[in-house]
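Okay, structure first, notes after.
Throughout, read-outs are computed from the coordinates displayed, never taken from laboratory work. Nothing here was measured: the structure is a model prediction, and the numbers come from that model. Positions of Cβ are generated from backbone atoms using ideal geometry, with glycine treated the same way; all protein chains shown enter the neighbour counts.
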Amino acid sequence: MQEVGVVYPKRKWINIVPHIVDTVLLITGIWQAVQLNLNPTVAPWLTAKIIALFFYVGAGIYAFRLAKNKSQRTIGFVLAILSFFYIVVVAVYKNPIPV
């Protein structure tokens, strides 16, 4: 049952591209850790980025698939955006608790 006011994408590529982007982000994060010979105890910032990436993906799934109404979708969207900004700030400052 489709909710009033919700427009679902009709083009297949619109549904596929986010999965590709998320997979590329995860693979590059793990690849970076392997290339730099980093482990979670030496580089906690990279571990925080990868965990935040999983949270970002989960928030996106919640916002686009699991949310039942507009306010739940908004909450999922805001959480995804905040986790994205957290990932960027951690990447810039190389600190899992950016202050």
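Would you mind getting me the FRET efficiency between V42 and V17? Use the beta-carbon distance for r and R0 = 41 Å, nearest 0.05.
Once rounded, the FRET efficiency stands at 0.75.
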Fill in the blank from the handout: In degrees rounded to 10, the 0-90 angle between helix 44-61 Cα long axis and the longest Cα principal axis of the chain is 10 degrees
Fill in the blank from the handout: Cα-based Debye curve of the chain sampled at q = 0.11, 0.19, 0.22 Å⁻¹ gives log₁₀ I(q)/I(0) of -0.41, -0.95, -1.14
Practice task
Would you calculate, for the chain, the mean residue ellipticity at 222 nm contributed by helices, counting each DSSP H stretch of 4 or more residues as -39,500 (n - 2.57) and dividing by all residues, to the nearest 500?
Solution key: -23500 deg cm²/dmol
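For K94 and V24, compute 0.36 nm times the residue count separating them, minus their Cα-Cα distance, and round to one decimal in nm.
Working: separation 70, 0.36 × 70 = 25.20 nm, distance 2.07 nm.
That pair, K94 and V24, stretches by 23.1 nm at full extension.
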Exercise for the section: Take the alpha carbon gyration tensor of segment 41-99, find the square roots of its eigenvalues, order them as a ≥ b ≥ c, and report rounded if a/c is under 1.5; if not, report prolate when a/b exceeds b/c, else oblate. Expected result: prolate
Practice task
Evaluate the distance, in nm, between pseudo-label points positioned 7 Å from the Cα of R65 and of L82 along their respective Cα→Cβ axes.
Solution key: 2.3 nm
Handout entry: Sequence-distant lysines (8 or more away, or on other chains) whose Cα lies within less than 29 Å of K94
Key = K49
